[in-house]
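Input: a single structure, listed below in structure tokens.
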Amino acid sequence: MSLFASPVSLVCKPLQLAYYVEWHIKQALAPMLFVEVESELTKRASSNVVTQAKRSKKALSKARKKKKSDKFPVHSFSTMMADLGTITLNTINTRIEGTDITFEKITQPTPLQQKAIELLNVSLVCTQ
């Protein structure tokens with residue numbers, strides 16, 4: 001047994017982690033994405049694996065209207081990540097009465113971003 005990892009394992013493990021994290025994010029954000037919730041797919045799974053899966057009425061409605069019942073637009077995974085990527089941490093430098101003050105502020109999430117943050121069960125407040 002070698003003490004050193006093979007070049008393949010050094011590449012595969014981070015990729016496996018990335019896919020694992022992506023899968024969990026997609027599952028959490030499924031109500032906001034152009035995907036069917038897995039429980040809906042499981043309910044309709046047929047015994048014949050060759051048959052093409054049929055989309056639910058809810059999924060077809062989401063795709064047709066491009067909006068959910070709560071009026072939020074439906075996103076693809078990449079557009080949702082791009083939207084969430086606009087939340088930034090800004091460093092603000094100011095001078096008040098001769099004193100330099102520096103502080104950080106996170107941009108205010110839009111209602112859509114806030115819904116995604118809630119589904120992901122994460123906080124924008126850093127407590128380090």
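The values are calculated or read from the model by the stated rules, or taken from the named source; none is laboratory data. For clarity, every value in this text was computed on a predicted model and none was experimentally measured. Cβ sites come from the backbone with ideal geometry, for glycine too, and all protein chains shown count toward neighbours.
When segment 17-34 is filtered for residues that are surrounded by 11 or more Cβ atoms within 10 Å (Cβ to Cβ) and either modelled with pLDDT under 85 or assigned to a loop (DSSP other than H, G, I, E, B) (or both), only Phe34 remains. Taking the conditions exactly as written (surrounded by 10 or more Cβ atoms within 10 Å (Cβ to Cβ), modelled with pLDDT under 75 and of a type outside the set (A, V, I, L, M)), does Arg64 satisfy them or not? No: the conditions fail for Arg64.
Can you pull out every residue in segment 71-128 that is of a type outside the set (A, V, I, L, M), in a helix (DSSP H, G or I) and touching a residue at least 24 places away in the same chain (Cβ under 8 Å)?
Those that are of a type outside the set (A, V, I, L, M), in a helix (DSSP H, G or I) and touching a residue at least 24 places away in the same chain (Cβ under 8 Å): Phe77, Asp83, Pro111, Gln113, Lys115.
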